[in-house]
Amino acid sequence: IDLQSQGKTVEALVESIINKALNPDGKPIFHKFDKVTLMNEADPTTLIKVATALNNATSEYRTEEVEKN
């Protein structure tokens, strides 16, 4: 949220992807060291699509968890 409010949209997307992208075993796909590569070499449109998918998946998961409790 801080990055987004500072106008650092791409950095905010990359941080979101790094924090939320997990493999099927629940282990992180990316690490903090991948941030520079993602920011400089990844297509921004692809970053938006991936971040949106991850955020939607996370929101749906959290909603289900709250409903269970």
Members of the stretch 24-41 found to be acidic (Asp, Glu) and open to solvent by 100 Å² or more (accessible area, probe 1.4 Å), listed by number: ASP25, GLU41
The stretch 27-42 residues that are assigned to a loop (DSSP other than H, G, I, E, B), paired with ones that are exposed (fewer than 11 other Cβ atoms within 10 Å of the Cβ) (beta carbon under 9 Å, 6 or more apart): ILE29/ASN23
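The values are calculated or read from the model by the stated rules, or taken from the named source; none is laboratory data. As the structure is a prediction and not an experimental result, all values here were calculated from the model. Methodologically, a virtual Cβ is constructed for each residue, glycine included, from the backbone with ideal geometry; neighbour enumeration extends over all protein chains shown. Side chains included, ligands, DNA and RNA excluded: accessible areas come from the protein's heavy atoms. Shrake-Rupley method; radii C 1.70, N 1.55, O 1.52, S 1.80 Å.
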